[in-house]
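Only one structure is covered here, and it is reproduced in the block below.
Taken together, the values in this text are just the output of simple stated rules run on the coordinates, not laboratory data. Predicted, not measured: the structure shown is a model, and the values here were computed from it. Note that we place each Cβ from the backbone using ideal geometry, even for glycine, and neighbour counts take in every protein chain shown.
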Amino acid sequence: MEKKKSIQKDNFILKNANAIPNIPWEDRPEGFKDVLWRSARNPVIPRDLIPSSNSIFNSAVVPFNGKFAGVFRCDTKTRMQQLHVGFSDNGYDWELSDDRIKWKPDDQAVNEIADFQYSYDPRVVWIEDRYYVTWCNGYHGPTIGVGYTYDFKEFYQLENAFLPFNRNGVLFPRKINGKYGMLSRPSDNGHTPFGDIYFSESPDMKYWGRHRFVMGTTGGWQATKVGAGPIPIETKDGWLLIYHGVLTSCNGYVYSFGAALLDLDQPWKVIARGAPYLLAPQMSYEQIGDVPNVAFPCAALVDGESERMAVYYGGADTVVCLAFGYVTEIIDFIKANPLKIE
Ligand code: BMA
């Protein structure tokens, strides 16, 4: 099993971060002013990387045995929404299984809910001794599926975290006050025209409760709904949360993403929230695809040595893209451009 060694440096803002020396990285293009910049190799995963796929997008990546592994949203040519496992040496070039992940029930009772309907928008996080996966799981409507793997070969399914309808279940990377923590976004059974972020806790990854409101919609790029993106990043200034926000334009939804800081001990308390987005769909691979105008982040790698961050996001519900930034710069950006809420 992978050994985890966290780096603690006094002058760094990250807490409990591991080194990822081979994190995918490109320097900020000369003269480029925004806090995040895109990979020149975007889209890094094309829609047709595997024979069965119509599109590959909104996917989650983690460091694994000195390389990378991930859980990918692959919608098939019959337009089923599925999760597939993938591996990469460098975070750019991926080999994905052509078959969907087949979950084994963690216990007998899970058999009752394990019938596959659809699965999408995965998140993956290492907590204590294994990789946990959450995803939007079809069970009489969308809800939050939870499972785990030790090796990205065998995957075990736990109980769904919540009742339908819910999406964007995102775990915290460690217990908080002795409990697992999860953000989620209660929704409806369709293309939900609303959505706020809530926090829930669990003693055992099975029973979730003490639900708390975290943050809701405001205006502009986050006027219609908001939902947690990658696993929150622990910093000395709070949990750095990258989240998506949706604007309803006269031509439909527009998905951008921005950032906020949440209290380390009470993550439902927002310390600060950036007013401008970090990245909005402005490149052709974000604007043109099966669903136009979508930039949807599901994972962020952070190197504890350099504080470099690589964000994986889906482009136009069709491809996987990468953007880069520095954790400290994003936090400074939030503080310098705060959203003022009443
Ligand atoms: C949301 C989810 C995402 C998708 C987005 C835009 O409701 O289904 O997977 O990227 O819509 O279509």
*Counting helices only, and only those DSSP H runs with n ≥ 4, report the 222 nm mean residue ellipticity of the chain as the sum of -39,500 (n - 2.57) divided by its residues, in deg cm²/dmol to the nearest 500.*
-1000 deg cm²/dmol
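Would you please report the Å³ per residue occupied by the convex hull of the alpha carbon atoms in segment 1-139?
Numbers: hull volume 21.2 nm³, N = 139.
Roughly 153 Å³ of hull volume per residue.
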*Using the count of nearby Cβ atoms within 10 Å as a rough guide to exposure, how do W25, W239 rank from fewest to most?*
W25, W239
*Please report, largest first and rounded to whole Å, the three semi-axes of the ellipsoid equivalent to the chain, where each semi-axis is the square root of five times an eigenvalue of the C-alpha gyration tensor.*
26, 23, 22
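Could you calculate the contour length gain from D99 to L163, that is, 0.36 nm times the residue separation minus the distance between their Cα atoms, to one decimal place in nm?
Numbers: separation 64, 0.36 × 64 = 23.04 nm, distance 2.77 nm.
My answer for the length gained is 20.3 nm.
Arranged by the count of other C-beta atoms within 10 angstrom, fewest first, what order do R100, R28 take? Before the final figure, lay out the partial values.
Values: R100 18, R28 15.
Ascending Cβ contact count within 10 Å gives the list R28, R100.
Pull out the extension gain between K236 and E112, defined as 0.36 nm times the separation in residues minus the alpha carbon to alpha carbon distance; nm, one decimal. Write out the running numbers ahead of the final one.
Details: separation 124, 0.36 × 124 = 44.64 nm, distance 4.25 nm.
Computed gain between K236 and E112 is 40.4 nm.
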*Per residue of segment 304-321, in order, report the coupling 6.51 cos²θ - 1.76 cosθ + 1.60 (Karplus, θ = phi - 60°) as ³J(HN,Hα) in whole Hz, putting x for Gly and Pro.*
x, 7, 10, 6, 6, 10, 10, 9, 9, 9, x, x, 6, 6, 9, 9, 9, 10
*asked:* What distance in nm separates the two pseudo spin-label positions at D89 and K153, each 7 Å out from Cα along the beta-carbon direction?
replied: 2.1 nm
*Arrange the peptides 75-83, 104-112, 223-231 so that the one whose residues have, on average, the most other Cβ atoms within 10 Å appears first.*
223-231, 75-83, 104-112
*Going 7 Å from the Cα of E26 in the Cα-to-Cβ direction, what parts of segment 88-110 have a backbone nitrogen less than 20 Å from that spot?*
88-95
*May I ask you to sort C74, C136 by Cβ crowding, counting other Cβ atoms within 10 Å and putting the fewest first?*
C136, C74
*asked:* For Cα pairs less than 8 Å apart in space and 6+ apart in sequence, what is the mean separation divided by the residue count of the chain, i.e. the relative contact order in percent?
replied: 18 percent
*Highest GNM mean-square fluctuation, the chain, Cα pairs closer than 10 Å: which of G181, G304, G66?*
G66
*Roughly how many nanometres apart are two label points built 7 Å out from the Cα toward the Cβ at S284 and D34?*
1.7 nm
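Please report Rg over Rh for segment 132-261, where both radii come from the alpha carbon positions and Rh follows the Kirkwood definition.
Working: Rg = 14.9 Å, Rh = 15.3 Å.
Across segment 132-261, the Cα-based Rg/Rh ratio is 0.98.
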_Percent of alpha-carbon pairs separated by more than 19 Å within segment 289-342_ = 46 percent
*Quick one: Karplus J couplings for segment 236-247, per residue in order, coefficients 6.51, -1.76, 1.60, θ = phi - 60°, nearest Hz, x for Gly and Pro?*
5, 9, x, 6, 7, 10, 8, 9, 8, x, 10, 10
